[in-house]
Amino acid sequence: AARDGYESIVKILLDDPRVDVNAANPDGDECTPLHLAVSYAQDGVLKLLLADERVEAESKDKGGKTPLDLAVERGHEVCVKLL
């Protein structure tokens, strides 16, 4: 949902206290929903995630990159400003 910009689904998931908002992507790269939102420049999803106090903005993926690192690397200026 975060990767594809499905804001309404992300909102539903964030409203569910059982959901681990920092869960790593099961494909082994250890990306969180925040990493995915940044990687695909999903600004709306990024705003929703950052508004949730449970989201760890400094989390690192398997390569040791934070969401901010990815935003800078990919030239996603809006994401950089939001982070």
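Kindly indicate whether V72 is assigned to a helix (DSSP H, G or I), without any contact (Cβ under 8 Å) to a residue 12 or more places away in the chain and surrounded by 15 or more Cβ atoms within 10 Å (Cβ to Cβ). Here the answer is yes, as V72 does meet what is asked. Do we have V55 as at pLDDT 95 or above, surrounded by 14 or more Cβ atoms within 10 Å (Cβ to Cβ) and not in a loop (DSSP other than H, G, I, E, B) here? So V55 fails the test.
Applying the condition of being in a helix (DSSP H, G or I) and in contact with a Cys (Cβ under 8 Å, 6 or more places away or on another chain) to region 38-52 and asking which residue is surrounded by the most Cβ atoms within 10 Å (Cβ to Cβ) yields V38. Among the residues of region 4-21, which ones are crowded, with 16+ Cβ neighbours inside 10 Å and not in a helix (DSSP H, G or I)? Those that are crowded, with 16+ Cβ neighbours inside 10 Å and not in a helix (DSSP H, G or I): G5, V21.
The values are calculated or read from the model by the stated rules, or taken from the named source; none is laboratory data. Keep in mind it's a predicted model, so treat the numbers as computed, not measured. Because the Cβ atoms are built from the backbone with ideal geometry, glycine has one as well, and the counts that use them run over all protein chains shown.
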